[in-house]
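Enquirer: Before anything else, here's the structure in question.
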Amino acid sequence: MPARYGAVMRNFLAMSAVLALSVVALGCGGGARDEAGTATLITIDGSSTVFPIAEAMAEEFGKANPDVRTPTVGISGTGGGFQKFCRSEADISNASRPIRPAEIDACRTAGVDYIELPIAYDGIAIVVNPANTWARAITVAELRTLWAPEAQGKVTRWNQVRTSWPNRDIRLFGAGVDSGTYDYFTEAIVGKEGASRGDFTSSEDDNVIVQGVASDELALGFLPLAYVEQNRSRLTIVPVDDGKAERGAGPITPSAETVRDGTYQPLSRPLFIYVARKAADRPDVQQFVQMFFDRPELVREVGYIELTPQIYDLARTHFADRKVGTAFGEGGSQVGVTLEELLARER
Amino acid sequence: MTLRPRARSRGFEALIEWALFICALLSIGTTAGIILVLAIETVAFLREVSIVAFLFGTEWTPLFATPRFGVLPLVAGTTLVSVIAMLVALPMGLLSAIYLSEYAPPRLRRVIKPVLEILAGVPTVVYGYFALLFVTPLLQRFIPGLAGFNALGPGIVMGIMILPLVSSLSEDAMQAVPRGLREGSYALGATRMQTSIRVVVPAAFSGITAACILAASRAIGETMIVAIAAGQQPRLTWNPLVPIETMTAYIVQVSLGDTPQGTIEYRTIFAVGMLLFLGTFLLNLASAWLRERFREEYG
C-alpha cells in the first residue's frame, strides 16, 4: 500500500516515542529503567527488513501482557538503528547485517554492551514488473554490471545488461544507503559494502520500492523476501544464477527452501536483534526477547525463514548467559553465511 | 487616591503593549532565526564544496560512497514539475478568471468562486496520493513507458492545486478594472469577448502576473505531492515520464533517514533549502512589487 506517507507516519510515531521516552527519563531524574524494571516501555529501532518480525512479536507480546505497554518499533535503517542504540535511545536494535567496527567502537565509547541474537533468515529478491516479458533469469555478473559504481550514467538500457534484452530504458529501485539491505546487496553483488551507482531511486522504506517496481514496466529492483511475499501479484521474481554449480546449478528462485538449504546465494543473509546488556536485566525485556525463540512461526507468517531449533537454542543460551559482543568480529555484511556457518559461529 | 488606579491601568496598558510587541517580534525573530541557521549551515557546506561545483555540477549523489554535490538535477526536477503545473494552472486559471469576472452572473459567481477555492484547501498529502494512485495509472493507459513515479502526474495535480490561486487573484485584479474602461469599449462597438481580451486583461495585467508568480512560487515550494509521487532519483532531464527528485523531496528524504548532525550530508539539506528559499523569496518579492504597481494605477 501507499508508501511515503506511511514511512513519514511511522518515523513520526517512532520519533514521538523516543521523545516521550526522553521526557519520562527527564521526569524521573534519569530513571526510565527503574529498579523494579516494570511498567517501562521497550523501545526497538533499526532495520526496515527486520521490522515486520519485530512488529509481529511486539503485537503478540502486547496481547499476551495487557498490563504492559506494547513495545514501539521504529524504522531508521540498520545504520540509523545502531546510532540510536549506542546512544541508549533504544533497548533493542534490529539489524539486517552484523554490527560494523565503527558501530562497535561507538557503542564501546558510550559504554553500551550488547547481546547479539540471530532471529531469522532472509533472501534479497530481484524483482521486475509483471509486464516484463524478457527478464526470466539474471546472473550475479549481470547484476554487478548493472549496479557497480562505474555503471552510473552509462548502463541505462536493458540490452546493455544482456544483448538479447530490449533496447529500452532500465529504471532501478533499491534500498537507501542507511539500510542494511543496501549494505548487504552491495557487498554481495559489487564486492564492496556501500559501493554502487547513485542514479537509482533509493529509499529506506521498502514500500516505496514495491510501488515503484509495481507501477513501471521497465523497472528492476531488489527487496527483502517478505516484502515480495506481501505483494506477490504486483511483482515478478527474477531467479538469480551465481554460476557456482556446487550451490545449485542454474538460476535459483528465492524461497523458504532455497534460502534455508543455502542454494539461493549470494543474496541470503541472517537477520539479528541486538539487545542492550542493561535492558536485558529487565523482566519485561527478557520476556519479550524469549518470544523470538519461542514463536518462530511468526517469522514464517510475515514472510521470512525461521532458523533451526538448534540455533534458537544456542541464541537462548547466549541470552541467558548474557554473552556480550559479536560473533562477526570482522564486522559488517558477510556474504554466504549459511545456516551451518551461522551455527558454527554462534558456538 | 485618584492617582493609584490610573497608575495601575497605565502599567497594565504598558504590559499589554509589551506583550503585543513580543508577539510581533516572535514571528520576525523566527524568520530571522531560520535565515540565520540556513546561512550558517550553507556557509559551512560551501567551505567543503565549492560553490561552482554546487551550482553547476550535473550529478547529485551526496549520500553515496563517491559523493557528488551538483544541485542541477534537483533544480531541473523542481523546474520541470513547476513548469508542468503552470502549463495546467495558467490557461485554466486565466480562462476561469475571465469567465467569473466578465461573463458569470453575480449569483453564479458567488457560488463558483468559493467552490473553486476549496481546491486550495485540500491537504497536499491527499493530492500526492491522488497523483500516485489515480492520475499516473490513468495516464499510463495513454502513454506507454510512463514510470510509476514521474514528473507529469504530480505536475498536473499540482497545477490543479494552484489553479484557485491563479483564478481567484486574477479575478480580483479584473474586478478592480474601472467600469468606465469596459463601457468605453462597448461604446466603440466591441463585443464582450473583445472587451475581455483586449481591454480588461491588459488593464489588469500586472495583477494577473503577480498572481501567476505567486502560484509559481507555491509550485516550487510544494513538497508533499512530489515527495509522494515524483520519485526520489535526482536526474538531469526534461523528460516528464521518468522518476525525478525535486529540491523539496530531497530535503524530505534526508530528514527521514538518520544522517548524523554536522556531517556534509546533513548540511546539503540546508544548502538546498537556502537555494529554495532564495528562489521563492525573489518570486514573492517580484509578485509584491507588481501588485503594488497595479494598486497605484487604479487605486
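No lab work stands behind these numbers, since they all come straight from the coordinates. None of these values were measured; they are calculated from a predicted model. Virtual Cβ from ideal backbone geometry, glycine too; neighbours counted across all protein chains shown.
Enquirer: With a 10 Å radius around each residue's Cβ, average the other Cβ atoms per peptide and rank B:10-16, B:98-104, A:221-227, highest first.
Expert: Descending mean neighbour count gives A:221-227, B:98-104, B:10-16.
Enquirer: What is the dipole size for chain B, taken about its Cα centre, with +1 at each Lys and Arg Cβ and -1 at each Asp and Glu Cβ, in debye to the nearest 20?
Expert: Charge dipole of chain B: 880 debye, to the nearest 20.
Enquirer: Residue by residue, what Karplus-based ³J(HN,Hα) values in Hz, rounded to whole numbers, does the range A:135-145 have, using 6.51, -1.76 and 1.60 with θ = phi - 60° and x for Gly and Pro?
Expert: 7, 9, 6, 9, 9, 4, 5, 5, 4, 5, 3
Enquirer: Can I ask one more? Using amide H atoms built 1.01 Å from N in the peptide plane, name the residues 5+ places from A:VAL238, or on other chains, whose amide H lies under 5 Å from its own.
Expert: Placed amide hydrogens put A:ILE126, A:VAL127, A:VAL128 under 5 Å from A:VAL238.
Enquirer: Over chain A, one equal point on each Cα, no solvent: what is log10 I(q)/I(0) by the Debye formula at q = 0.06, 0.08, 0.15 Å⁻¹?
Expert: Per q value, in the given order, log10 I(q)/I(0) is -0.21, -0.37, -1.25.
Enquirer: Compare the peptides A:180-193, B:186-199, A:229-242, A:129-142 by average per-residue count of other Cβ atoms within 10 angstrom and give them in order, highest first.
Expert: Highest-to-lowest ranking by the protection proxy: A:180-193, A:229-242, A:129-142, B:186-199.
Enquirer: How far is the Cα center of the range A:91-168 from the Cα center of the range A:38-63, in Å?
Expert: 25
Enquirer: Using +1 at the C-beta of Lys and Arg and -1 at the C-beta of Asp and Glu, which of A:VAL324, B:GLY148, B:ALA173 has the Cα lying farthest in the positive direction of the dipole of the protein assembly as shown?
Expert: Checked the options; the winner is B:ALA173.
Enquirer: In addition: Amide H to amide H, which residues 5 or more places from A:ALA120 or on other chains are under 5 Å from it, using H placed in the peptide plane?
Expert: A:LEU271
Enquirer: Percent antiparallel among DSSP beta bridges with both residues in chain A, to the nearest 5?
Expert: If I count the DSSP bridges inside chain A, around 65 percent turn out antiparallel.
Enquirer: Cα-Cα pairs above 25 Å in the range B:177-299: how many percent? List each step's numbers first, then the result.
Expert: Values: 3693 of 7503 pairs.
Of all Cα-Cα distances in the range B:177-299, 49 percent exceed 25 Å.
Enquirer: Projecting each Cα onto the charge dipole of chain B (Lys/Arg +1, Asp/Glu -1 at the beta carbon, about the Cα centre), which of B:PRO240, B:VAL115, B:LEU94 comes out farthest on the positive side?
Expert: Farthest towards the positive pole: B:VAL115.
Enquirer: Hey, any idea what the orientation-averaged projected area of the convex hull of the range A:142-216's Cα atoms comes to, in nm²?
Expert: Averaging across all directions leaves 4.8 nm² for the Cα convex hull.
Enquirer: From zero up to wherever the largest Cα-Cα distance of the range A:102-184 sits, split into 10 Å bins and tell me the percent of pairs in each.
Expert: 12, 36, 25, 14, 11, 2
Enquirer: Here's another thing I want to ask about it. What's the local net charge at B:GLN233, with K and R +1, D and E -1, over the other residues with C-beta under 10 Å away?
Expert: 0
Enquirer: Let me ask another. I need the peptides A:150-159, B:46-55, B:75-84 ranked by packing, meaning the mean over residues of other C-beta atoms within 10 angstrom, with the highest value on top.
Expert: Highest mean packing first, the order is B:75-84, A:150-159, B:46-55.
Enquirer: Sticking with this one: Shielding by partners for A:192-201, please: the mean number of other protein chain Cβ atoms within 10 Å of each residue's Cβ.
Expert: Numbers: counts 1, 1, 3, 3, 4, 3, 12, 9, 4, 12.
For peptide A:192-201, the averaged partner shielding equals 5.
Enquirer: Between A:ASP321 and A:ARG232, what's the calculated FRET efficiency when r is the beta-carbon distance and R0 is 41 Å? Round to 0.05.
Expert: The formula returns an efficiency of 0.50 here.
Enquirer: Treating only the Cα positions of the range B:27-97 as identical point scatterers, give the base-10 log of I(q)/I(0) from the Debye formula at each q in 0.16, 0.19, 0.20, 0.26 Å⁻¹.
Expert: Taken in order of the listed q values, log10 I(q)/I(0) reads -0.79, -0.87, -0.89, -1.05.
Enquirer: Here's something else I'd like to know. Taking every pair of alpha-carbon atoms in the protein assembly as shown, what share in percent sits in each 10 Å bin, from 0 to the bin with the longest distance?
Expert: 3, 14, 21, 21, 17, 11, 7, 4, 1, 0, 0
Enquirer: Per residue of the range A:95-103, what does 6.51 cos²θ - 1.76 cosθ + 1.60 with θ = phi - 60° give for ³J(HN,Hα)? Whole Hz please, x for Gly and Pro, Karplus curve as stated.
Expert: With coefficients 6.51, -1.76 and 1.60, one gets 9, 9, 8, x, 4, 8, x, 4, 6 Hz.
Enquirer: Reachable lysines from A:LYS323, Cα under 20 Å, same-chain residues fewer than 8 places away excluded?
Expert: A:LYS323 reaches A:LYS278.
Enquirer: Which stretch or stretches of the range A:144-172 have amide N atoms under 19 Å from the point lying 7 Å from A:LYS192's Cα along the Cα→Cβ direction?
Expert: Label zone hits: A:144-155.
Enquirer: Among DSSP beta bridges whose residues both lie in the range A:123-260, state the antiparallel percentage, nearest 5.
Expert: 55
Enquirer: Expressed in nm to one decimal, what extension gain is obtained for the pair B:LEU139 and B:SER50 from 0.36 nm per residue of sequence separation less their Cα-Cα distance?
Expert: Value of the extension gain: 27.9 nm.
Enquirer: With the crude spin-label approximation of a point 7 Å out along Cα→Cβ, what separation in nm comes out for A:ARG295 versus A:ALA102?
Expert: 3.5
Enquirer: Fewest first, what order do B:PHE270, A:PHE272, A:PHE85, B:PHE281 take by the number of other Cβ atoms within 10 Å? Write down the numbers at each step before the final one.
Expert: Values: B:PHE270 20, A:PHE272 26, A:PHE85 30, B:PHE281 12.
So the ranking, lowest neighbour count to highest, is B:PHE281, B:PHE270, A:PHE272, A:PHE85.
Enquirer: Each residue of the range A:46-61 in turn: what ³J(HN,Hα) in whole Hz from Karplus with 6.51, -1.76, 1.60 and θ = phi - 60°, glycine and Pro shown as x?
Expert: x, 4, 6, 5, 6, 3, x, 5, 4, 5, 4, 4, 4, 4, 4, 4
Enquirer: Give me a single rounded figure for A:173-179: the average over its residues of other chain Cβ atoms within 10 Å of their Cβ.
Expert: Numbers: counts 6, 0, 0, 6, 8, 6, 1.
The per-residue average across the peptide is 4.
Enquirer: Ok, one more. What do you get for Rg/Rh over chain B if you use C-alpha atoms and the Kirkwood form of Rh?
Expert: On the way: Rg = 24.1 Å, Rh = 22.1 Å.
When Rh is taken as the Kirkwood radius, the ratio is 1.09.
Enquirer: If you put +1 on each Lys and Arg Cβ and -1 on each Asp and Glu Cβ, how big is the dipole of the protein assembly as shown around its Cα centre, in Debye rounded to 20?
Expert: On the way: 56 positive and 62 negative charges, 478 e Å.
It works out to roughly 2300 debye.
Enquirer: Give me the mean projected area, in nm² to one decimal, of the convex hull enclosing the Cα positions of the range A:239-304.
Expert: Approximately 5.7 nm², given one-decimal rounding.
Enquirer: Of the options A:PRO66, B:ILE264, B:LEU282, report the single residue whose Cα projects farthest towards the positive end of the charge dipole of the protein assembly as shown (beta-carbon charges: Lys, Arg +1; Asp, Glu -1).
Expert: Result: B:LEU282, furthest along the dipole toward the positive end.
Enquirer: Another question, then. Could you work out, residue by residue across B:139-149, how many beta carbons of other chains sit within 10 Å of that residue's beta carbon, and then give the average as an integer?
Expert: Mean partner-chain Cβ count within 10 Å for B:139-149: 4.
Enquirer: Additional query: Going through the DSSP H helices of chain B, which span 18 Å or more along their own axis at the Cα atoms while scoring at least 0.5 as a mean Kyte-Doolittle hydropathy?
Expert: B:3-48, B:72-98, B:152-175, B:205-221
Enquirer: Something else now. Name the residues whose placed amide hydrogens come within less than 5 Å of the amide hydrogen of B:GLU59, ignoring near sequence neighbours (fewer than 5 apart) on the same chain.
Expert: Here the answer is B:GLY70, since their amide H atoms fall under 5 Å of that of B:GLU59.
Enquirer: Further, regarding this structure: At what distance in nm do the modelled label points of A:ASN167 and A:GLU257 sit from each other, each positioned 7 Å from its Cα along Cα→Cβ?
Expert: Roughly 4.2 nm, to one decimal.
Enquirer: For the range A:123-260, what is the convex hull (Cα atoms) projected area averaged across all directions, in square nanometres?
Expert: Directional mean of the projected Cα hull area for the range A:123-260 stands at 7.7 nm².
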